[in-house]
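> One structure is given below, represented as structure tokens, and several questions about it will come after.
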Amino acid sequence: MARWPALELASTVRHEGDGGVVDDLASVEGVTRWVEAQAESLSGQVRIRELSVDEALRSEIVALRQAVRALFARAVSPAPPSPADARRLMPAEEALSYLNSVAARESVVPQLDWPSDGTPAVRLVSAEGDPAVRLLAALARAAVDFLSGPHRDRLRACSAPRCVRYFVKSHGRQEWCKPSCGNRARAARHYQRQRQASDGGPAAS
């Protein structure tokens, strides 16, 4: 399954299965675990082993997530955003400005590689020595790439009861981020139909 760092960041706010919402970035330890889990997708951009997460970095990653989720809400509009964001969305223009400012923290320059027996190629090289800055910039750039790319048009907020995730729609009829959400949504619809029938009202279609 494809993984997008921007979607992974947005998904650190999630339904925990019993009606509540969990924030995977609520503590320094939680951020450390999450960053380590992103090592493969951030390979070549961030030296994860050199990174030491503290409260300041945690707060900045959470702020970046807030901006990303606000822009995800804009992307899925006019459909409703995730219920986790509905009452506390960062204004879209503020989110856009913040995302771009974080992406610009790391100066990345092109370097030409031209082996004697090969074809010239360009690679991007960073002169930034602070792994925390590189992490934040890499996450912001990933969000820029995602929101400016083809996957944005397939971004959806899961419509299942209590779910707060965004997901990339993989087929034409997909309404939910995962099968368990589909089961929960169908059960809720069935319950609603049964309740309307017992109350003498019209059955839902």
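The values are calculated or read from the model by the stated rules, or taken from the named source; none is laboratory data. Computed from a predicted structure; not experimentally measured. Virtual Cβ from ideal backbone geometry, glycine too; neighbours counted across all protein chains shown. For the accessible areas, the whole protein counts, side chains as well, though only heavy atoms, and no ligand, DNA or RNA atoms are used. Shrake-Rupley method; radii C 1.70, N 1.55, O 1.52, S 1.80 Å.
> Over the chain, calculate the relative contact order: mean separation of alpha carbon pairs under 8 Å at least 6 apart, over the residue count, as a percent.
Worked out over the chain, it gives 22 percent.
> Sticking with this structure for a sec: In debye, nearest 20, what is the charge dipole magnitude of the chain about its Cα centre with +1 on Lys and Arg Cβ and -1 on Asp and Glu Cβ, if you could check?
1220 debye
> Now for a different question. Which listed residue (ALA6, ALA73, ALA39) has the Cα farthest towards the positive end of the charge dipole for the chain, taking +1 on Lys and Arg C-beta and -1 on Asp and Glu C-beta about the Cα centre?
With unit charges placed on the Cβ atoms, the residue in question is ALA73.
> With volume of the Cα convex hull per residue in Å³ as the read-out, I listed (i) 117; (ii) 156; (iii) 127; which label goes with the value calculated from this structure?
Calculated volume of the Cα convex hull per residue in Å³: the matching label is (ii).
> I'd like the distance between the alpha-carbon centres of the range 126-156 and the range 102-117, rounded to an integer number of Å.
About 16 Å separates the Cα centre of the range 126-156 from the one of the range 102-117.
> What trypsin sites (Lys or Arg not before Pro) in the range 50-111 are in a loop by DSSP, with at most 12 other Cβ atoms within 10 Å of the Cβ?
Here the trypsin sites (Lys or Arg not before Pro) that fit, given the DSSP loop and packing criteria, are ARG87, ARG88.
> For VAL22 and ALA63 in one chain, what is 0.36 nm times their gap in residues minus the Cα-Cα distance, to one decimal in nm?
Additional length available on full extension: 13.1 nm.
> Stretched out fully, how many nm does the piece from ASN100 to ARG173 gain, at 0.36 nm a residue minus the Cα gap?
Length difference between fully extended and current span is 22.9 nm.
> By how many nm would the segment from SER107 to ALA56 lengthen if fully extended, with 0.36 nm per residue of separation less the alpha-carbon distance?
16.2 nm
> Would you calculate, for the chain, the mean residue ellipticity at 222 nm contributed by helices, counting each DSSP H stretch of 4 or more residues as -39,500 (n - 2.57) and dividing by all residues, to the nearest 500?
When only DSSP H runs of four or more count, the value is -14000 deg cm²/dmol.
> Can you give the angle from 0 to 90° between the axis of helix 92-103 and the longest principal axis of the chain, with both taken from C-alpha atoms, to the nearest 10?
30 degrees
> Under the Karplus relation 6.51 cos²θ - 1.76 cosθ + 1.60, θ = phi - 60°, what is the ordered set of whole-Hz ³J(HN,Hα) values for the range 113-119, x standing for Gly and Pro?
Each residue of the range 113-119 in turn: 9, 9, x, 4, 10, x, 9 Hz.
> With all protein chains present, calculate the accessible area of LYS178 using a 1.4 Å probe and round the result to the nearest 10 Å².
90 Å²
> In sequence order, what are the phi-derived ³J(HN,Hα) couplings for the range 70-82 according to the Karplus relation 6.51 cos²θ - 1.76 cosθ + 1.60 with θ = phi - 60°, rounded to whole Hz, with x for glycine and proline?
5, 6, 5, 4, 5, 5, 8, 4, x, 5, x, x, 4
> What's the FRET efficiency of ARG123 with ALA37 using the Cβ-Cβ distance as r and R₀ = 35 Å, to the nearest 0.05?
0.85
> By how many degrees, 0 to 90 and rounded to 10, does the Cα axis of helix 179-198 deviate from the longest principal axis of the chain?
Relative to the chain, helix 179-198 is tipped by roughly 20 degrees.
> What are the ³J(HN,Hα) couplings of the range 131-138, residue after residue, when phi is run through the Karplus curve with 6.51, -1.76, 1.60 and θ = phi - 60°? Round to Hz, x for glycine and proline.
x, 5, 5, 5, 5, 4, 5, 5
> Mind ranking THR12, THR32 by accessible surface for me, highest first, 1.4 Å probe?
THR32, THR12
> 5 Å is the cut-off here: which amide hydrogens, built 1.01 Å from N in the peptide plane, fall below it relative to GLU128, excluding neighbours closer than 5 in sequence?
SER107
> What are the residues whose amide H is under 5 Å from the amide H of VAL164, where those residues sit 5 or more places off or on another chain and H is modelled from the backbone?
HIS15
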